[in-house]
Amino acid sequence: MIKPPLHVPLNFGQMPPIPSKLGKNIGDPNYWPTLVAELMKQIPQVPTETPPQEEKLEDRVARSNPKFYDGSYDPVVLEEWIRGMEKIFTVVEVPEEKKVNIRTYYLTGKADI
């Protein structure tokens, strides 16, 4: 009983033909590199997609339109600002180590020291 080869490419019937000029020069030391180069030219190019750039965390926070805090002495205004920033940080998933820097950007007037 004859066993089939262990590995046969799935597209075996669709493989490109070997250029006839190369088949005549099998004894040439440059035969295999030239053959490979010729066959590589026949492989269709796959378009490369550039991965989408990850949006900066600061931009995602800014799109939420956080309020600025101007240093008002009114504790209600301060509390509303803090809660608003925390809600945005939760939705945008801001890591703890980035919160202080982002909050600082939204301080103005007397609060911006």
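Read-outs: derived from the displayed coordinates by stated rules, not from any lab. All figures in this text were calculated on a predicted structure; none of them were measured in a lab. Here Cβ is always computed from backbone atoms with ideal geometry, including for glycine, and neighbour counts include all displayed protein chains.
Extension gain Tyr31-Glu93, at 0.36 nm per residue separation less the Cα-Cα distance, in nm?
On the way: separation 62, 0.36 × 62 = 22.32 nm, distance 5.85 nm.
That works out to 16.5 nm of additional length.
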| Amide N of the range 64-89 lying under 14 Å from the label point, which is placed 7 angstrom from the Cα of Lys110 along Cα→Cβ | 69-78
| query | Got the relative contact order for the range 68-111 handy, in percent, Cα pairs under 8 Å and 6 or more residues apart? | reply | 71 percent
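Dividing the alpha-carbon Rg of the range 68-111 by 2.2 N^0.38 Å yields what?
On the way: Rg = 10.7 Å, N = 44, 2.2 N^0.38 = 9.3 Å.
Expressed relative to 2.2 N^0.38 Å, the Cα Rg reads 1.15.
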| query | Given +1 on the Cβ of Lys and Arg, -1 on the Cβ of Asp and Glu, and no further charges, what dipole in debye does the range 68-111 carry about its Cα centre, rounded to the nearest 20? | reply | 100 debye
| query | Taking other Cβ within 10 Å of each residue's Cβ, how do Ile102, Ile113 sort, fewest first? | reply | Ile113, Ile102
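Could you line up Arg103, Arg83 from fewest to most neighbouring Cβ atoms inside 10 Å? Numbers along the way, then the final one.
Values: Arg103 18, Arg83 10.
Ranked by crowding around the Cβ, least crowded first: Arg83, Arg103.
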| note | The residues Asp28, Asp59, sorted from fewest to most surrounding Cβ atoms within 10 Å, come out as Asp59, Asp28
